[in-house]
Amino acid sequence: CETRARALSISKTRTFEKKSDNKQTVYAELCRNIERACKKARQHNVVAKKITILLRKSDFTYVSADLLLPRSSAFDHDIVQAASRAFSELFESRTSYRSTGIVLSQLCDAHEVQANLFEPVQKVQKLERLYSAVDAIGKKIAKESRIHLGSTLYGAQKRTAYGEQTPIGMRPRI
């Protein structure tokens, strides 16, 4: 993309209630931050070419990785896919973490992105319709029952009154 969007970057970070050394829990929190940042980017009609993932350890030191995306994007799964490889390299077992964060940068207007010659235009159009529908559903339902696409995959599980496994944050139907 040629022109810069109004904002220089979009960032989302979140401190955990309790520090964690569980790789899946820390990854789920990172995914949740990615989802929130991507949603904000879509609301402002911008896409990112570069991302930075941040992991803050319990001693308040950070580890981070900067990544260039193969295609400018505001789609959760594109960012999660790129971030997951870097996360695996950054995460240290037996180290406690306090928070995760994501920064979307090198932003430009979504309609100014040039199509990739090696990716079918129909695929990108389908993704745009999918995320538009997800965002519309998110607006219609209450905030506490929002659907988090990636973070629920790795989120902690808990037992419901009926004995079924349900991701934390989602309530069983009664």
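Quick one: V80 ticks every box in (1) closer than 30 Å to K126 by Cβ; (2) crowded, with 20+ Cβ neighbours inside 10 Å; (3) touching a Phe, Trp or Tyr at 6+ places or on another chain (Cβ under 9 Å) except a single one, so which number is it?
Only one criterion in (1) closer than 30 Å to K126 by Cβ; (2) crowded, with 20+ Cβ neighbours inside 10 Å; (3) touching a Phe, Trp or Tyr at 6+ places or on another chain (Cβ under 9 Å) is unmet by V80, namely (3).
Out of (1) surrounded by fewer than 14 Cβ atoms within 10 Å (Cβ to Cβ); (2) farther than 21 Å from K126 by Cα, what's the single condition that is false for N45?
Failed condition: (2).
Quick one: which residue in S93, S9 is within 15 Å of the chain's Cα centre (by Cα), open to solvent by 50 Å² or more (accessible area, probe 1.4 Å) and touching a residue at least 60 places away in the same chain (Cβ under 8 Å)?
Going through S93, S9 in turn, just one is within 15 Å of the chain's Cα centre (by Cα), open to solvent by 50 Å² or more (accessible area, probe 1.4 Å) and touching a residue at least 60 places away in the same chain (Cβ under 8 Å): S9.
Identify, by number, the condition in (1) charged (D, E, K, R); (2) at pLDDT 95 or above; (3) in a loop (DSSP other than H, G, I, E, B) that R4 doesn't meet.
(2) is the only condition that R4 fails.
With respect to D135, is the statement that it is modelled with pLDDT under 85 and in a helix (DSSP H, G or I) true?
Yes, satisfied.
Return the residue satisfying two criteria in turn: it lies in the range 17-28 and is in contact with a helix residue (DSSP H, G or I) (Cβ under 7 Å, 6 or more places away or on another chain) and assigned to a helix (DSSP H, G or I), and of such residues it is least open to solvent (accessible area, probe 1.4 Å).
A28
Working only within the range 31-86, note down all residues that are aliphatic (A, V, I, L, M) and on the phi > 0 side of the Ramachandran plot.
none
The values are calculated or read from the model by the stated rules, or taken from the named source; none is laboratory data. These numbers were taken from a predicted model, which means no experiment stands behind them. FYI the Cβ positions are ideal-geometry reconstructions off the backbone, even for glycines, and counts take in every protein chain you see. For the accessible areas, the whole protein counts, side chains as well, though only heavy atoms, and no ligand, DNA or RNA atoms are used. Shrake-Rupley method; radii C 1.70, N 1.55, O 1.52, S 1.80 Å.
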